[in-house]
Amino acid sequence: MNSTVVEISLPALRHNLRQVARRVGTVPIIAVVKANAYGHGAVPVTRTLLTAGAHQLGVATVAEGQELRHAGITAPILVMGGIFPDDVPLLQELSLIPVLPSRDAIFMAARLMHSRSAPLPVHLKVDTGMSRLGLTREEFLDILRSDWPPTLRLEGLMSHLASADAGDGESAENQLVRFRELLDAAKSAGLAVPAAHIANSAAILRFPASYFDRVRPGLMLYGYVNRPAAAAELRPALSWKTRIVQVKRVGVGQPVSYGGTFVTSRPSTLAILPVGYADGYSRALSNKGHVLVRGRAVPIVGRVCMDLTVVDVSDLPDVRPGDEAVLLGRQGAAAITADDLAACQDTISYEVLCQISPRLTRVYLED
């Protein structure tokens with residue numbers, strides 16, 4: 001029996017997808033399942049979201065798409081993180097749809113496609129203000145003036161919003177204006193764009209004008225969002241639990257864990273947990289984070305180690321080896337969220353979820 005498990009609520013995933021559908025109506029949903037479905041487990045999560053009504057899937061790499069295909073998943077898969085020349089045969093073989101973010105990528109893909117093959121479906125990515133992957137406005141307009149390669153079939157045009165969760169929304173509104181201008185330019189040039197998409201989770205919640213022909217929810221599928229007012233609609237799908245492996249009593253003045261960064265100020269009862277930064281439980285939680293034991297928050301003391309973490313349970317009576325400790329999730333009336341862990345680490349909930357190690361067993365629950 002594994003002492004540390006990550007539990008995923010399938011009803012929560014379905015509920016969150018329904019919240020997306022409730023907002024966007026009949027607009028098809030590209031469920032973003034990159035990074036092992038944000039740490040939740042790509043294949044089981046993908047199957048759940050597809051049966052719940054997702055239309056397409058978004059991954060970052062060809063390898064992520066390959067994993068889904070090898071699991072028997074046949075839905076359209078968009079590879080959004082860029083491609084390299086040796087990816088092209090696999091894209092064809094696995095029927096994956098690459099997002100091409102540059103003139104070089106377009107010409108490379110067109111050149112490597114066999115002229116007798118069916119054209120490779122592709123989406124183009126335009127940079128409307130994030131300054132990351134994507135064609136500049138001038139590069140895109142230049143492509144409109146060129147002959148489109150016959151070995152590629154344009155299926156979509158996409159961009160990505162840099163600050164859709166920012167307070168005033170001005171940055172996102174400006175990006176939407178630029179995106180509409182590029183779509184209009186494509187239409188005027190006679191380049192048919194079957195599917196335009198730019199809306200991420202934050203835009204789905206704030207900007208109905210961003211929906212276009214597809215939406216791309218990611219974080220909100222897993223129950224989190226960067227706008228607290230909308231969080232009540234969603235259900236966090238992931239819980240992370242372990243069991244106490246040892247309980248020990250130490251005296252006053254005892255250094256704890258590597259470097260002795262914590263020293264007991266009273267006779268203390270310490271519980272050792274078999275989980276650490278190799279599992280994705282960040283070292284940044286050292287002397288700052290909490291876990292739940294018997295429905296109460298108890299502090300991490302000393303440095304989080306590779307495979308072990310120490311917590312102070314002095315204020316709890318009769319704690320024993322084998323007792324449950326919740327790192328992320330709910331225990332009784334108390335809860336620790338990914339946002340709570342992120343605040344301790346000076347990061348965001350995305351990173352907290354994505355860094356949970358694949359070495360931990362995922363358990364999928366219908367209850």
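Residues checked against (1) surrounded by 15 or more Cβ atoms within 10 Å (Cβ to Cβ); (2) among the β-branched types (Val, Ile, Thr):
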{"residue": "Val88", "(1), (2)": "yes, yes"}
{"residue": "Leu91", "(1), (2)": "yes, no"}
{"residue": "Arg103", "(1), (2)": "yes, no"}
{"residue": "Arg111", "(1), (2)": "no, no"}
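Of the residues Asp312, Asp318, the single one that is within 27 Å of Gly253 (Cα to Cα) and modelled with pLDDT under 95 is Asp318. Would a scan of region 339-352 turn up a residue that is closer than 18 Å to Leu10 by Cα, assigned to a loop (DSSP other than H, G, I, E, B) and in the same structural domain as Arg296 (by TED's automatic domain parsing)? Checking region 339-352: not a single residue is closer than 18 Å to Leu10 by Cα, assigned to a loop (DSSP other than H, G, I, E, B) and in the same structural domain as Arg296 (by TED's automatic domain parsing). Given the criteria touching a residue at least 24 places away in the same chain (Cβ under 8 Å), touching a helix residue (DSSP H, G or I) at 6+ places or on another chain (Cβ under 7 Å) and outside any strand (DSSP E or B), does Ile198 qualify? Criteria not met by Ile198. The one condition from (1) crowded, with 21+ Cβ neighbours inside 10 Å; (2) touching a strand residue (DSSP E or B) at 6+ places or on another chain (Cβ under 6 Å) that Gly280 does not meet is (2).
Can you tell me how many residues in region 228-267 are small (Gly, Ala, Ser), surrounded by 20 or more Cβ atoms within 10 Å (Cβ to Cβ) and more than 30 Å from Arg206 (Cα to Cα)?
Qualifying residue count, region 228-267: 1.
Here Asp367 meets each of (1) closer than 23 Å to Ala37 by Cα; (2) touching a Gly at 6+ places or on another chain (Cβ under 6 Å) with one exception, condition (2). Selection of region 184-195 for residues being surrounded by 16 or more Cβ atoms within 10 Å (Cβ to Cβ) and either among the basic types (Lys, Arg) or assigned to a helix (DSSP H, G or I) (or both) yields only Ala186. Residues in region 1-17 that are more than 26 Å from His123 (Cα to Cα) and not polar (S, T, N, Q): Met1, Val5, Val6, Glu7, Ile8, Leu10, Pro11, Ala12, Leu13, Arg14, His15.
In region 257-280, is there at least one residue being at pLDDT below 95, closer than 21 Å to Ser349 by Cα and in a helix (DSSP H, G or I)?
no
If the Cβ limit is 7 Å and pairs must be 6+ apart or interchain, which residue in region 234-249 that is under 17 Å from Ile272 (Cβ atoms) and assigned by TED's automatic domain parsing to the domain that holds Thr269 pairs with which residue that is of a type in the set (S, T, N, Q) and not in a loop (DSSP other than H, G, I, E, B)? Listed pairs, sorted by first residue: Val247/Thr269; Arg249/Thr269. For region 157-175, the count of residues that are in a strand (DSSP E or B), in contact with a Pro (Cβ under 8 Å, 6 or more places away or on another chain) and in the same structural domain as Leu94 (by TED's automatic domain parsing) is zero. Taking the conditions (1) surrounded by fewer than 23 Cβ atoms within 10 Å (Cβ to Cβ); (2) modelled with pLDDT under 95; (3) closer than 22 Å to Ala60 by Cα; (4) of a type outside the set (Phe, Trp, Tyr) in turn, Val225 satisfies each one other than (1). Selection over region 321-339 of residues that are in contact with a helix residue (DSSP H, G or I) (Cβ under 9 Å, 6 or more places away or on another chain) and not β-branched (Val, Ile, Thr) gives a count of 4.
The values are calculated or read from the model by the stated rules, or taken from the named source; none is laboratory data. Keep in mind that this is a model prediction, so the values were computed, not measured. Methodologically, a virtual Cβ is constructed for each residue, glycine included, from the backbone with ideal geometry; neighbour enumeration extends over all protein chains shown.
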